[in-house]
Structure formats: structure tokens, C-alpha cells
Amino acid sequence: MILNDMLDSIREAKKIIVVTHVSPDGDGIGCVTALYKALNKLNKDVSIFIDDDVPEIYKFMPYTEKITRPFDESADLLIAVDCADTERMGNAKNLLRKVSKSINIDHHISNTLYATMNYVDTNAASSSEIVYQLIKILGIDLDKEIAECLYVGVVTDTGHFMYGSTTSFTHEVAGDLINNGASVDKISNTIFHKIKYSKLKLIGRVINNMELYFNGKIAYMEISNEDFTKTNTKAEDVENIINYGRDIDSVEVAVMLVEKEDFVKGSLRSKNYVDVNKLAREFGGGGHVRASGFLKKGTIKEIKEKILELIKIELNE
Ligand code: 5GP
Ligand code: MN
């Protein structure tokens, strides 16, 4: 029923706002840009908003130049994609209050079902997989641009098809996107095999300062403002660095704490059994069972102490 309501609302709407989360990733950006093109094909007036900068590595994607910060605007319909809760939207949450109809398309287990229509599939490996299905059901033809945007979402959220969330359907979607013009090598080379020297220096510092706890089951990493200034990097350069900790053979949980003004941005990853969504919720965040995050007021020192304590309990150490 929700699906029918969603389809009707999209068909009826003239002006549509599409938003995704702050600290945008390939999935969020892939969804908003693919929807921009797809909904334009239905002759909709579409705005795409993200209350943050688009990271440099994603600027090669079609329609990223159309993304702007949310401003006071009304529409018949707001579609939020890959956004677990309204806090993650930044200022776009004010627009949600203004529209009479809203759609929440997501795959996070922590989703708070904040829209008038909520389509949350926690079995989907990416929100791009869900948007792919929606575009198909709406009868919109895929094209090279839509395929490229969604393919970026599919490959980034599955860690290049390597996370446990990857299904045979994920591969079917990827196959169809490739058949419609997504360039596998262009996208892989741009996102996964291209790195700024400054980011490599940042990785070097983080790995040098990494600490292991509880018989090597926890890999702890942190990035201070000083690390950013000394290496000439910024917050967006942190993406995926946590995987160096998670990949260590003895590690079950990897933690990364990043200084962000009065706040700390936390990232958590687990390998086999620890529910890091549950841990992130203790700090007001959320995400998935094996990958989660939070933004919490406080110092790195305070949050480090608390998080190590909580993980210790989860590990039964
Ligand atoms: P990352 O550590 O790469 O920033 O995020 C990992 C996962 O946790 C993603 O699925 C992301 O959506 C989720 N996540 C990251 N930060 C937050 C946050 O502040 N709040 C919530 N609810 N989820 C987050
Ligand atoms: Mn996602």
C-alpha cells in the first residue's frame, strides 16, 4: 500500500524536493542525482539539497552541480533518501515540516520512520538499490547518467560488493546498470584507486597512532584538528580510513573518533558479532549492525573512555 501511495504522490506532484544526509556518501549522492534525472524525465520540477559540501571524489558524478544547500522553499513532495533520521538532514529537516507529503527511502536499521510515507528495506545493500526499483516501477527508462549515479551508490555502500549486505539482487542491479552505460573502470578508478598525497599522509598519521585494546579485538583510531592542519586535509578525507583498523586479523570492532569543533564524529565497524548500531545509539547515532556512526558533543578523551567501556561489555572481556 505504501508503495502505491508513494507512486501516486510522485505522479501527482509538480514540484519535488530531494534530500540526503550530511557528510554525504556515494549512496546518498547517487540517489539524489539519479532521482534528479529520473524525475525530470517525468517533467517534474526537481530541487536537490544536501546541507553539506559534496566531497571532491564524487564531483565527477552527473548532476552534482545541481546540488545546493537547503533554502526556504516549498514543494508538493519531499523525498529523503538514505537518511536514517531527521537530524541527519541538517537544515533540510525544516523543509520536511513545511511539505504536506514526504517519502522516506532508506535501508538503515535505525530509521525513525519520520515521513508521511516510509519505505525502509533493511535488506537492501544500498538505498540506490531501492531507488533503482522505484525508477523501474515508475516506468522511467534508465540511461547512462542514471546508471552511473546508482552504480556509484551500489559499489560504495557494498565496499565494492564485498560486505555481507551484498546479495544476488545487488549484482543483478549492478549488471543492469552496466548494461545501461555505467562505466565500471571509470567509476572504480575515480573512487577506489585515486588518492591525494595529502590523504595518504593523513592515513600514515592515523595508522601510526592507532591503538589496539582487549587482546587486539578493538582497533582505536582518532583524528584531531592538528592532524588535519598538519596534512592539509579535511573531514571528507576521513572516508574509509577506518577500514585499515577493521581489516586487522584480530579485530572485531574498529572505532574512529574525529574532532569536529565542539563535537566528535564517531565511526564504528564490526566484523562478526558486535552490533555497532546499538553502540552508536548510546551516543545518539545509528546506522547498520556492522557499520554505524554518531555525532556527539564532547571531547575525544571523554568519548573514547565511554566507548571502550561499552565495547568491553559487548566483547565480554
Ligand atoms: P560513517 O562511519 O561512514 O560515517 O557511517 C557509517 C554508517 O553509519 C552509515 O550507514 C551512516 O549512515 C551511519 N551514520 C554515520 N553517522 C551517523 C549519525 O550521526 N547518525 C546516524 N543515525 N547514523 C549515522
Ligand atoms: Mn546507504
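Here are the numbers:
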| quantity | calculated |
| --- | --- |
| Cα centroid separation - region 261-290 against region 132-209, whole Å | 23 Å |
| Accessible solvent surface per residue of the chain, calculated while the other protein chains remain in place, 1.4 angstrom probe, Å² | 45 Å² |
| Relative contact order (%) - criterion: Cα under 8 Å, at least six apart; region: region 2-192 | 23 percent |
| Calculated Rg and Dmax of region 16-56 using C-alpha coordinates, Å | 10.3, 30 |
| Cross-link partners of residue 14 among lysines (Cα-Cα below 29 Å; sequence separation of 8 or more within a chain) | 37, 41, 44, 59, 66, 93, 98, 101, 136, 144 |
| Set of aspartates and glutamates with alpha-carbon distance to residue 217 below 17 Å, sequence-local pairs under 8 removed | 247, 249, 252, 275, 305, 309, 314, 317 |
| Portion, in percent, of the accessible area of region 197-315 that falls on carbon or sulfur, probe 1.4 Å | 49 percent |
| Rounded to the nearest 20 debye, dipole of the chain from Cβ charges on Lys, Arg, Asp, Glu | 320 debye |
| For region 152-215: rounded, prolate or oblate by the Cα gyration tensor [a/c cutoff 1.5] | oblate |
| Kirkwood Rh in Å, taken over the chain so that all alpha-carbon pairs contribute | 20.1 Å |
| Radius of gyration and Dmax over the Cα atoms of region 1-80, both given in Å | 12.6, 39 |
| Set of lysines with alpha-carbon distance to residue 301 below 18 Å, sequence-local pairs under 8 removed | 260, 265, 312 |
| Region 197-315 - percent relative contact order, Cα under 8 Å, separation 6 or more | 19 percent |
| Rounded, prolate or oblate (a/c below 1.5 giving rounded, otherwise prolate when a/b exceeds b/c) for region 102-211 by Cα gyration tensor | oblate |
| Spread of Cα-to-Cα distances over 5 Å intervals beginning at zero, given as percent, for region 197-315 | 2, 12, 24, 26, 20, 11, 3, 0 |
| Region 1-153: C-alpha gyration tensor shape, a/c 1.5 cut-off, then a/b vs b/c | rounded |
| Solvent-accessible area, 1.4 Å probe, carbon plus sulfur percent, for region 2-192 | 47 percent |
| Degrees between helix 2-12 axis and first principal axis of the chain (Cα, 0 to 90, nearest 10) | 60 degrees |
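The values are calculated or read from the model by the stated rules, or taken from the named source; none is laboratory data. Computed from a prediction, not measured in an experiment: that's the story for all the values here. Every residue, glycine as well, gets a Cβ built from its backbone with ideal geometry; the counts of neighbours run over all protein chains shown. The protein model used for the area step is the full one, side chains on, heavy atoms only, and it has no ligands, DNA or RNA in it. Shrake-Rupley method; radii C 1.70, N 1.55, O 1.52, S 1.80 Å.
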